[in-house]
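Let me begin by presenting the structure, written as structure tokens, before commenting on it.
The values are calculated or read from the model by the stated rules, or taken from the named source; none is laboratory data. Just so we're clear, the structure is a prediction, and the values are computed from it rather than from any experiment. Every residue, glycine among them, receives a Cβ derived from its backbone with ideal geometry; neighbour counts consider all protein chains shown. Just so you know, the surface numbers come from the protein's heavy atoms only, side chains and all, with ligands and any DNA or RNA stripped out. Shrake-Rupley method; radii C 1.70, N 1.55, O 1.52, S 1.80 Å.
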Amino acid sequence: MKKPRPNPETLLQHAKEEDLRAKRGKLKIYLGAAPGVGKTYNMLEDAIAKRKNGLDIIVGIVESHGRKEIEFLLKDFEILPRQKVEYHGQTLLEFDLDATLKRNPHTILIDEMAHTNVPGLRHNKRWQDIKEILDRGINVYTTLNVQHIESLNDIVTQIIHTRVNETVPDSMLEIADSVELIDLPPEDLLKRMQEGKVYIPQQAELAVEHFFRQGNLSALRELALRITAERVGEQVLSYRKGKGIKFIWPTKEKLLVCVSSSQNATKLIRAARRMATSLQAEWIAMHVDTGFSQDRRSKAINNLRLAEQLGAETKILNGINVTSEIIHICRDLNVTKIILGKRKHRWWKKILFGSLTDNLIKQSDEIDIYMINDDYPEISSSKHRGKKSKKTFPWKAYALSLGLVGIATAINLIFSAYLQTSTIILIYVITVTIVALLGKTGPSIVASVFSVITYAYFFATHEGISIANTQHFITLFIMLLVTQIISQLTIIMKKQNIASRLLEKRTSTLHALSRQLASARGVDKLLDIAVNYMATIFNSEVLALLATDGHLEVKSGYGTKLTLNAKDFSVAQWVYDLGQMAGLGTDTLPFSDAIYVPLISSQKPIGVLRIKPKDQHTLFTPEQSHLLEACANQVALAIEVDKLHEQHKQSEMESKTDRIRAALLEAVSHDIRTPLVAATGSATTLSELGDVLNTQQIKKLSHEIMFELEQLNRLIHNFLQIAYLEDNAVKLQKELHSLSEVIATALKISYAKSGKKHINIHLANDLPKIPLDKTLIEEVFVNLIDNALKFTPAESAINIEAHLDNRYIVVSIEDNGPGIMPDEVNKLFEKFYRGRMLTTERGLGLGLSICRAIITAHGGKIWGENRKEGGAAFRFTLPLAG
């Protein structure tokens with residue numbers, strides 16, 4: 001037998017995976033059912049054996065838990081120093097990832113893969129550290145208990161009645177190059193516990209009462225054995241595909257049952273279920289759709305639904321050669337046994353069409369074939385007993401085929417004097433090909449046979465050729481054979497084209513759905529995209545309902561009204577409450593004319609999709625049902641992500657509001673309270689010591705009180721000013737004013753703060769009067785001068801300049817302070833923001849925000865920048881015209 005060639009796509013995928021594995025470090029996991037089975041000990045022994053070959057192997061972190069045998073083995077290793085981490089006043093020792101990467105050994109030993117790191121390290125989990133080490137090309141040996149595998153978390157919880165919080169994703173097991181099971185019978189493990197080889201006596205006694213019970217250990221041991229077996233099975237299947245091996249390797253039993261459209265197929269499905277249960281094997285129910293009858297397809301789908309309910313994996317394949325499709329899927333999935341129905345066939349059907357059983361036996365090679373008798377009369381219900389089921393006959397297709405043959409014969413008779421024999425035959429061949437385009441086998445056979453008969457009667461006999469003539473008989477036989485070959489090839493090609501187009505359409509549409517959902521925001525928009533695309537995929541009318549406080553509301557639809565009657569709404573509510581599919585083609589509420597699919601988020605259902613096929617006689621195949629559920633889950637995920645995004649934005653807004661509130665309270669509690677305390681102190685001194693103080697002292701205290709009250713008034717004024725500017729549209733009272741007048745007024749207000757600092761004014765001589773709100777612009781100068789005074793060193797100068805620039809006056813207030821930090825340039829004009837260089841001066845951080853609001857209202861711009869000479873400069877523009 002010629003060895004079949006492997007699939008190039010499979011080989012390419014396998015090559016890519018091997019290339020990725022070659023770049024990544026090797027991962028070996030020592031898997032155990034429970035602590036104390038010897039995972040760490042075996043890991044260290046294997047590492048010692050590898051070191052004898054000259055490999056650079058070090059210990060990253062290994063927990064001995066006081067076990068002397070572990071400590072003894074650790075003596076021969078280089079142990080990486082642990083990283084000290086401060087946490088809640090304690091110093092903890094953790095695995096040092098950066099030191100490992102710097103050391104760059106060939107292999108590193110890291111114990112307890114599921115360990116949670118102390119907050120503050122690069123990764124939250126130790127398995128994330130391991131993954132980064134692997135990505136850097138370093139090999140890792142690690143240990144893991146079966147209860148820490150993420151996919152088994154719920155099962156483990158049921159066994160030990162405690163939720164395991166430290167878990168490792170299954171993807172880490174998938175990328176592992178080797179998973180070694182360290183097995184120990186529960187009796188031996190309990191004995192080790194009693195001997196103090198796992199925990200200290202006090203801990204061991206408590207552990208035996210809770211986790212280390214005989215039943216728990218047996219159940220966890222079974223899980224560990226099963227996980228290891230599944231991992232080995234995946235490696236065997238991957239190896240077979242990668243090497244292009246077509247022969248079955250019966251490492252474990254896997255059954256495939258061939259499901260037909262017959263009602264008797266249910267007996268076959270139940271028998272397959274019993275066999276799979278007895279063998280503890282996976283089983284697959286498969287139907288090959290040859291496309292001959294929509295009614296048969298629907299019946300086969302119902303049979304597959306029964307198989308799926310009984311635990312089978314279901315598949316529908318499209319093809320003409322049933323035997324080839326079955327053998328192909330068996331070799332691809334490593335199926336060891338095929339279950340068929342034992343049916344009796346008439347001898348002439350067996351000669352003409354062959355037997356599926358005989359063909360499978362010939363081609364199955366090492367695959368076992370089981371035949372179960374399902375050839376018994378179908379039992380009809382009492383309601384229909386005595387009535388024969390009516391089957392529709394495609395008489396229109398047969399009439400059309402005979403009509404086309406008649407037209408071809410008429411053409412040949414009319415032009416027979418001008419046509420050669422080969423041309424007449426060719427016209428008949430074209431006619432049969434046209435009939436074959438209908439996609440029906442029966443009409444094409446009838447057209448082929450009648451073409452031969454009409455040719456023999458009207459043309460061959462007229463030419464004096466006898467039917468008994470050998471040459472003429474061969475001609476007619478070849479004509480019949482050629483027309484049948486062309487007919488069948490045309491039918492096959494048409495069905496394959498239809499199937500390919502449908503698959504391509506669904507795949508591309510699903511991809512577009514995923515892409516559109518990922519880029520859209522807003523629940524309404526997501527639902528509109530979802531219903532439009534799902535209506536295209538399934539050729540259906542789609543309605544989307546979302547839940548509000550547990551009650552469904554219609555939100556979006558495509559091809560249907562946005563309303564539901566009471567019966568349909570009750571079905572949708574049931575689907576939402578139970579989180580299960582129902583309606584058309586299901587076993588729950590099948591009276592409905594649509595199928596209802598729940599939109600299930602990560603926590604609970606959030607809505608329902610109602611899909612009503614435009615063709616009411618069409619049932620969804622299991623593959624379509626799975627695709628439908630996948631689409632619904634994708635829509636639910638997109639809605640959940642959108643809601644989380646909105647919640648995150650709301651949380652950020654609330655957090656920002658809280659920060660502003662905290663800053664305001666801090667400012668009120670300090671900056672406003674400080675001048676009040678100072679003024680109160682001075683007033684108290686005047687009240688109590690006024691009789692003994694001289695005039696100069698009284699005057700000084702009065703000035704201090706006035707200064708502090710002015711500061712308090714300034715703070716309150718700024719706070720009220722920013723509130724007014726934000727809550728109301730700024731109403732400007734513009735009049736023509738000279739800029740020098742505005743600056744002079746502002747300087748009088750700021751004079752008390754200036755102290756020994758000089759304020760230099762340089763105004764261009766050609767500055768005209770400009771329309772502005774004098775009071776508000778004075779506020780701008782006061783705030784900017786006050787800001788410059790805070791940062792300018794003592795006895796240093798502040799410069800105020802103004803000049804014309806096209807249609808604007810540009811004003812600059814410059815200081816000689818430390819300047820603006822680069823990351824603060826865009827933050828200075830935000831509310832309640834105070835520069836980091838400001839440490840002692842009081843203020844709410846509102847002055848620059850007020851300046852920006854006022855200048856913007858005047859049609860100008862304001863900004864801050866650093867000067868080349870040192871210090872900062874705040875500049876703003878005012879338009880010459882209003």
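Below is a table of values for the structure above.
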read-out: Unique match (being at pLDDT 85 or above, within 28 Å of Asn124 (Cβ to Cβ) and open to solvent by 30 Å² or more (accessible area, probe 1.4 Å)) among Arg82, Arg21, Arg51; value: Arg82
read-out: Which numbered condition His14 misses (of (1) over 24 Å from Arg192 (Cα atoms); (2) modelled with pLDDT of 90 or more; (3) surrounded by 18 or more Cβ atoms within 10 Å (Cβ to Cβ)); value: (2)
read-out: Exclusive hit being at pLDDT below 70, surrounded by 11 or more Cβ atoms within 10 Å (Cβ to Cβ), touching a Lys or Arg at 6+ places or on another chain (Cβ under 7 Å) and among the hydrophobic types (A, V, I, L, M, F, W, C), set Ile722, Ile672; value: Ile722
read-out: Spans of helices (runs of 4 or more DSSP H) in segment 130-198 with at least 1 residues over 15 Å from Leu220 (Cα atoms) and open to solvent by 20 Å² or more (accessible area, probe 1.4 Å); value: 170-175, 186-194
read-out: Qualifying positions in segment 554-609 - of a type in the set (Asp, Glu) and either closer than 22 Å to Thr536 by Cβ or open to solvent by 80 Å² or more (accessible area, probe 1.4 Å) (or both); value: Asp577, Asp587, Asp593
read-out: Pairs, first within 13 Å of Val554 (Cα to Cα) in segment 520-537, second among the aromatic types (Phe, Trp, Tyr), C-beta under 9 Å, six or more apart; value: Asp528/Tyr558; Val531/Tyr558
read-out: Selection within segment 531-556 - at pLDDT 85 or above and part of a helix (DSSP H, G or I); value: Val531
read-out: Residue pairs meeting the criteria (Cβ under 6 Å; at least 6 apart or on separate chains; first touching a residue at least 24 places away in the same chain (Cβ under 8 Å), in segment 695-710; second of a type outside the set (A, V, I, L, M, F, W, C) and in a helix (DSSP H, G or I)); value: Glu704/Ser682; Ile705/Ser682; Glu708/Pro675
read-out: Subset of segment 85-114 (residues that are hydroxyl-bearing (Ser, Thr, Tyr) and either loosely packed, with under 13 Cβ neighbours inside 10 Å or outside any strand (DSSP E or B) (or both)); value: Tyr87, Thr91, Thr100
read-out: Pairs, first modelled with pLDDT of 85 or more and of a type outside the set (Asp, Glu) in segment 746-774, second part of a loop (DSSP other than H, G, I, E, B) and open to solvent by 40 Å² or more (accessible area, probe 1.4 Å), C-beta under 7 Å, six or more apart; value: Pro768/Leu880; Ile770/Leu880; Pro771/Lys734; Pro771/Gly882; Leu772/Lys734
read-out: Total residues in segment 410-443, condition part of a helix (DSSP H, G or I), modelled with pLDDT of 75 or more and closer than 18 Å to Val482 by Cβ; value: 17
read-out: Qualifying residues in segment 318-372 (those that are of a type in the set (A, V, I, L, M), out of contact with any strand residue (DSSP E or B) (no Cβ under 8 Å at 6 or more places or on another chain) and open to solvent by 30 Å² or more (accessible area, probe 1.4 Å)) - the one modelled with the highest pLDDT; value: Ile320
read-out: Of residues in segment 206-221 being surrounded by fewer than 13 Cβ atoms within 10 Å (Cβ to Cβ) and not polar (S, T, N, Q), the one modelled with the highest pLDDT; value: Gly215
read-out: Candidate set from segment 770-820 (those that are of a type outside the set (S, T, N, Q) and on the phi > 0 side of the Ramachandran plot); member that is surrounded by the fewest Cβ atoms within 10 Å (Cβ to Cβ); value: Glu795
